[in-house]
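Notes for the one structure printed next.
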Amino acid sequence: MTGRLLRASAVSVAVLALAACSWRLETPPPEWPSPSPETLVRDAAAAREQAVVDATPDGAGASGSTTARAAVLSEIEAVAAPARLEALGGLYVPYPDESPSPSPSDGALDLIGASMDARDGHLAEALVTDDPALALLLSSAGLSHALSSWYSGWVEDAIAQSTEPVVSVRLLDSPALPDAGPVPSATGVDAAVLADLVVMHDQARYAYEVLAARAADEERDQWLARRDLQDARATALAQLPGVEDRRESVYVLLGDDSGDAAARLATAQDLETAAGETYATMLDGADADDMPWLLHAAFDAYAQAAAFGEPTAASYTVPPLPGVTVGGGS
């Protein structure tokens, strides 16, 4: 009995000695799940969209700018940015009891700057992510930001009576994109799809020819200018390797589509919007090498449709995510 007590006392002394020296048995650190690279990219994209939301007049950090450009951009992004943010899954919050905070800035948030940052960040990530669905979402969101930013400037120039031509080839302006145009020198897009694009542009060429025949003066010149651009686009695509040239001399355009100035304008806008949607949809599954020219082609068509209308936010009809069906797959 005495021996057991002595051994117990020795153990107690040893434990006290270890405690006095702050010694403890080492345990491995907990292994927390790490977010995937795609999750980090998505979270960063959502933060950029949140910055745009915050910079709108109803946002937490809005600058309240009263310039025409800022006003038009605000009206567009007040609807578009929340829709893109929702599609991205919302702003990541580390703990359930925390609330998202406005993006940090050196003062009042600048909506124009926030939109451009979102444009460039989305496009840059779209070109390098390995997730096709995320690449589509980011490229589409970047395209939408590029168009809303351009259009707000277009409206401001129109109010200032700028001499910018209504009809022009317009390319997406972003340092995130490599030099490219709306037609590739080489592409991984199937030749049959390219042949369909040739027909689409050639049908537009014919439609503008008819619109010009029914118009006069500046309106006639406008349709002829876009006819020439559509003809050049069709020819360039038809010259790509393996593309079957299925252009025809005559297509069908209903008389009601060119009967008066309002009908002609609506027809032209429908032609360009349909082309923009076609190219935006092709971003789904596109190789990174093909994304730049598809983005430029979509941008050119959507921008032209908007430029044909009145210089107001109401004339801008580009969706928040061109080419993407939110909630029902892409």
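The values are calculated or read from the model by the stated rules, or taken from the named source; none is laboratory data. A quick note: this is a predicted structure, and the numbers were derived from the prediction, not measured. For neighbour counting, all protein chains shown are included, and Cβ atoms are generated from backbone atoms with ideal geometry for every residue, glycine included. Accessible surface areas use protein heavy atoms only, side chains included; no ligands, DNA or RNA. Shrake-Rupley method; radii C 1.70, N 1.55, O 1.52, S 1.80 Å.
So T281 fits all but one of (1) surrounded by fewer than 17 Cβ atoms within 10 Å (Cβ to Cβ); (2) of a type in the set (V, I, T); (3) in contact with a Pro (Cβ under 9 Å, 6 or more places away or on another chain); what number is the exception?
Unmet condition: (1).
I'm trying to understand the selection: among the residues of region 254-265, which are at pLDDT below 95 and in a loop (DSSP other than H, G, I, E, B)?
Matches in region 254-265: L254, S258, G259.
Of all residues in region 294-330, which are part of a helix (DSSP H, G or I) and either at pLDDT below 95 or under 14 Å from the mean Cα position of the chain (by Cα) (or both)?
Once the filter is applied, which keeps residues that are part of a helix (DSSP H, G or I) and either at pLDDT below 95 or under 14 Å from the mean Cα position of the chain (by Cα) (or both), region 294-330 yields L294, L295, H296, A297, A298, F299, D300, Y302, A303, A313, A314, S315.
Name the single residue, out of those in region 206-245 being of a type in the set (D, E) and within 29 Å of the chain's Cα centre (by Cα), that is farthest from G188 (Cα to Cα).
For region 206-245, the residue satisfying everything is D228.
With the requirement that a residue be more than 24 Å from R246 (Cβ to Cβ), open to solvent by 60 Å² or more (accessible area, probe 1.4 Å) and part of a loop (DSSP other than H, G, I, E, B), what does region 183-226 give you?
Within region 183-226, R214 is the sole residue that qualifies.
Looking only at region 277-292, filter to residues that are small (G, A, S) and touching a Gly at 6+ places or on another chain (Cβ under 9 Å); which one of those is farthest from A186 (Cα to Cα)?
Going through the qualifying residues, I end up with A280.
Return the only residue of T312, T235 being open to solvent by 30 Å² or more (accessible area, probe 1.4 Å), closer than 18 Å to A204 by Cβ and among the polar types (S, T, N, Q).
Selected residue: T235, the only one of T312, T235 that is open to solvent by 30 Å² or more (accessible area, probe 1.4 Å), closer than 18 Å to A204 by Cβ and among the polar types (S, T, N, Q).
Conditions (1) closer than 18 Å to F299 by Cα; (2) free of Cβ contacts under 8 Å to residues at least 24 places away in the same chain; (3) touching a His at 6+ places or on another chain (Cβ under 9 Å), marked per residue:
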| site | (1), (2), (3) |
| --- | --- |
| W154 | yes, no, no |
| V198 | yes, no, no |
| A204 | yes, no, no |
| Q230 | yes, no, yes |
| A234 | yes, no, yes |
| Y251 | no, no, no |
| G259 | no, no, no |
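Per-residue answers, yes or no, for (1) without any contact (Cβ under 8 Å) to a residue 40 or more places away in the chain; (2) buried (at least 22 other Cβ atoms within 10 Å of the Cβ); (3) under 26 Å from the mean Cα position of the chain (by Cα):
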| position | (1), (2), (3) |
| --- | --- |
| R247 | no, no, no |
| L254 | yes, no, no |
| E277 | no, no, yes |
| M291 | no, yes, yes |
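Pick out the one residue from A158, A180, A176 that is under 18 Å from T235 (Cα atoms) and either more than 17 Å from the chain's Cα centre (by Cα) or in a loop (DSSP other than H, G, I, E, B) (or both).
A180
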